[in-house]
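The values are calculated or read from the model by the stated rules, or taken from the named source; none is laboratory data. In this text, all values refer to a predicted model and were calculated from it rather than measured experimentally. Here the Cβ is made from the backbone with ideal geometry for all residues, glycine too, and neighbour counts use every protein chain on show. Heavy atoms of the whole protein, side chains included, go into the accessibility calculation; ligands, DNA and RNA do not. Shrake-Rupley method; radii C 1.70, N 1.55, O 1.52, S 1.80 Å.
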Amino acid sequence: MTASPLSRQIAVVDVGPNGLTMDIVADEAERAALAQANEAVAVEELRAGVTVRPFGKDGVAVAGRVDAKVQRICVVTLEPFVEIVSEPIDIRFAPAAEVAAVEDGGEIELGPNDPPDPFVGGVIDVGAVVSEFLTLGLDPYPRKPGATFEQPSGLDGEGSPFAELRKLKRPDDGG
């Protein structure tokens, strides 16, 4: 397992019955590592507010929101621009043994969502969760606002890839 560019580990036993609230603000080094991990020019700001609450017998649920300003390169214009990310966080964790029991046909109390993710050694990394949800919130094909792709002039269909394929068509193809 590779280390997360953002790490805030907590012991599950420290959560307590009323839960635990965390405000995570990435420092300069963490933002640089997050930018590199997400193939971005820079992560200008990153803040997450999360609440960790008990879930099931021995698990925890992490809920909140990550907000970030990420400098990206537009796939159309190749110009840098700032993408605003505001992604909700909602994930549950259970001890690895309980998750394995579910996978082997055992039972665990589940809500309507996916099964919980496993944790080992009584520790979860809330920073890694925030990092993952930042990545989920990024557009896989970043496009600067207002950027549109325009077909290069001078291509009238004769120079298109399909026109070239038509030239390769054999006479016995029926067309």
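Those residues that are assigned to a strand (DSSP E or B) and farther than 27 Å from Val120 by Cβ, I need them from region 26-61; list them, please.
Correct list: Ala42, Val43, Glu44, Glu45, Arg47.
Can you work out which of the residues in region 53-83 that are of a type in the set (Gly, Ala, Ser) and crowded, with 18+ Cβ neighbours inside 10 Å is farthest from Gly137 (Cα to Cα)?
Gly59
Where the second residue is open to solvent by 60 Å² or more (accessible area, probe 1.4 Å) and at pLDDT 95 or above and the first is among the small types (Gly, Ala, Ser) and lies in region 74-88, which pairs have Cβ atoms under 6 Å and are six or more apart or on separate chains?
Listed pairs, sorted by first residue: Ser86/Asp67.
Could you check region 134-171 and list, in sequence order, the residues that are of a type in the set (S, T, N, Q), at pLDDT 70 or above and assigned to a loop (DSSP other than H, G, I, E, B)? Before you say what the answer is, go through the steps one by one.
The first filter runs over region 134-171 and keeps only residues of a type in the set (S, T, N, Q), leaving 135, 148, 151, 153, 160.
Adding the requirement that they be at pLDDT 70 or above leaves 135, 148.
Matches in region 134-171: Thr148 only.
Cβ-Cβ distance below 6 Å, separation of 6 or more or different chains: which pairs start in region 4-22 with a residue that is closer than 10 Å to Val60 by Cα and end on one that is part of a loop (DSSP other than H, G, I, E, B) and open to solvent by less than 40 Å² (accessible area, probe 1.4 Å)?
Val12/Gly122
Condition (residue is touching a helix residue (DSSP H, G or I) at 6+ places or on another chain (Cβ under 8 Å) and under 30 Å from Thr148 (Cβ atoms)) applied to region 46-62: is it met by at least one residue?
Yes - at least one qualifying residue is present in region 46-62.
Of the residues that make up region 73-80, is at least one of a type in the set (D, E, K, R), part of a helix (DSSP H, G or I) and either out of contact with any helix residue (DSSP H, G or I) (no Cβ under 9 Å at 6 or more places or on another chain) or at pLDDT 90 or above (or both)?
No - not one qualifying residue is present in region 73-80.
Taking only pairs six or more apart or across chains, which ones have beta-carbon atoms under 8 Å, a first residue in region 129-141 that is in contact (Cβ under 8 Å) with a residue 24 or more places away in the chain and surrounded by fewer than 16 Cβ atoms within 10 Å (Cβ to Cβ), and a second residue that is of a type in the set (Val, Ile, Thr) and in a loop (DSSP other than H, G, I, E, B)?
Tyr141/Val75
Return the only residue of Val25, Val50, Val43 being open to solvent by 20 Å² or more (accessible area, probe 1.4 Å) and among the β-branched types (Val, Ile, Thr).
Values: Val50 fails: open to solvent by 20 Å² or more (accessible area, probe 1.4 Å); Val43 fails: open to solvent by 20 Å² or more (accessible area, probe 1.4 Å).
Within the list Val25, Val50, Val43, the selection yields Val25.
Please indicate, with yes or no, whether at least one residue in region 115-133 is modelled with pLDDT of 70 or more, of a type in the set (S, T, N, Q), within 27 Å of Arg65 (Cβ to Cβ) and in contact with a Leu (Cβ under 6 Å, 6 or more places away or on another chain).
There is at least one residue in region 115-133 that is modelled with pLDDT of 70 or more, of a type in the set (S, T, N, Q), within 27 Å of Arg65 (Cβ to Cβ) and in contact with a Leu (Cβ under 6 Å, 6 or more places away or on another chain).
How many of the residues making up region 84-114 are open to solvent by 40 Å² or more (accessible area, probe 1.4 Å) and modelled with pLDDT of 90 or more?
5
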